[in-house]
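Structure, as structure tokens:
The values are calculated or read from the model by the stated rules, or taken from the named source; none is laboratory data. Predicted model only: the values in this text are computed from it and were never measured. Reconstructed Cβ throughout: ideal geometry from the backbone, glycine too, with neighbour counts over all protein chains shown.
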Ligand code: HEC
Ligand code: HEC
């Protein structure tokens with residue numbers, strides 16, 4: 001009899017456990033615990049439509065906001081590979097190719113290494129161009145921004 005009661009009780013505990021787990025699932029849609037990112041709530045099991053591609057306006061160049069800012073890229077960079085094996089950007093912007101491609105030469109700072117030595121080729125710390133240069137896009141800031149251009153560039 002005692003054994004039977006214990007079995008009955010543990011079955012009860014198991015059952016409430018299952019109920020509680022179900023409750024947790026219902027109050028936590030999509031498994032995100034109600035957490036929202038800046039882009040809103042995206043539940044894990046629903047596929048939301050992809051954002052539209054950003055437009056990269058070519059007809060104007062955005063000006064700098066601070067001194068020594070890496071200039072924004074005024075053209076699309078889709079499919080431009082920058083990897084261990086290839087650097088598409090340098091096909092146009094290296095000192096060797098810039099003239100022929102009618103592109104801006106990378107400046108001499110891109111040849112200087114950490115020890116301030118000027119190298120004969122792009123410095124490894126300037127190899128991954130997109131670390132610093134991003135395409136200019138007509139994207140709205142995700143959060144409010146009160147940044148103001150430095151005086152000398154206004
Ligand atoms: C097919 C040649 C070509 C390739 C490849 C290319 N660019 Fe350019 N880039 C240009 C030209 C030409 C300009 C001059 C502005 C214009 O006409 O769009 C330019 C302008 C720029 C500028 C602005 C320079 C300034 O003085 O303001 C930056 C920054 C830049 N490119 C970065 C990149 C990066 C980073 C990549 C690789 C992801 C890249 N470019 C790949 C041709 C190229
Ligand atoms: C560590 C950040 C950084 C990386 C990486 C970097 N740049 Fe720059 N780039 C800058 C800054 C800062 C400037 C503006 C000041 C200067 O000329 O050094 C600049 C300037 C430029 C300019 C304009 C030069 C001029 O005379 O107006 C071009 C073009 C450019 N970069 C292309 C590239 C390309 C192509 C790569 C990759 C091979 C690259 N950059 C990698 C920071 C970077």
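Some points to look at:
- Of the residues making up region 67-74, at least one is within 12 Å of ligand 2 (Cβ to nearest atom), in contact with a helix residue (DSSP H, G or I) (Cβ under 8 Å, 6 or more places away or on another chain) and not assigned by TED's automatic domain parsing to the domain that holds residue 32.
- Residue 113 being outside the structural domain of residue 36 (by TED's automatic domain parsing), over 30 Å from residue 38 (Cα atoms) and away from ligand 2 (no atom under 11 Å from the Cβ): yes
- Any hit, region 37-49, residues being part of a loop (DSSP other than H, G, I, E, B), out of contact with any helix residue (DSSP H, G or I) (no Cβ under 6 Å at 6 or more places or on another chain), within 30 Å of residue 151 (Cβ to Cβ) and more than 8 Å from ligand 2 (Cβ to nearest atom): no
- If you go through region 82-108 and keep only what is within 24 Å of the chain's Cα centre (by Cα) and exposed (fewer than 11 other Cβ atoms within 10 Å of the Cβ), you end up with 83, 84, 85.
- Residues of region 65-80 that are touching a residue at least 60 places away in the same chain (Cβ under 8 Å), assigned to a loop (DSSP other than H, G, I, E, B) and near ligand 1 (Cβ under 9 Å from one of its atoms): 70, 71, 72, 74, 75.
- The residues of region 81-101 that are near ligand 2 (Cβ under 10 Å from one of its atoms), within 15 Å of residue 134 (Cα to Cα) and outside any helix (DSSP H, G or I) amount to a single one, 82.
- From the list 120, 152, the one residue that fits, being modelled with pLDDT under 95 and not in a loop (DSSP other than H, G, I, E, B), is 152.
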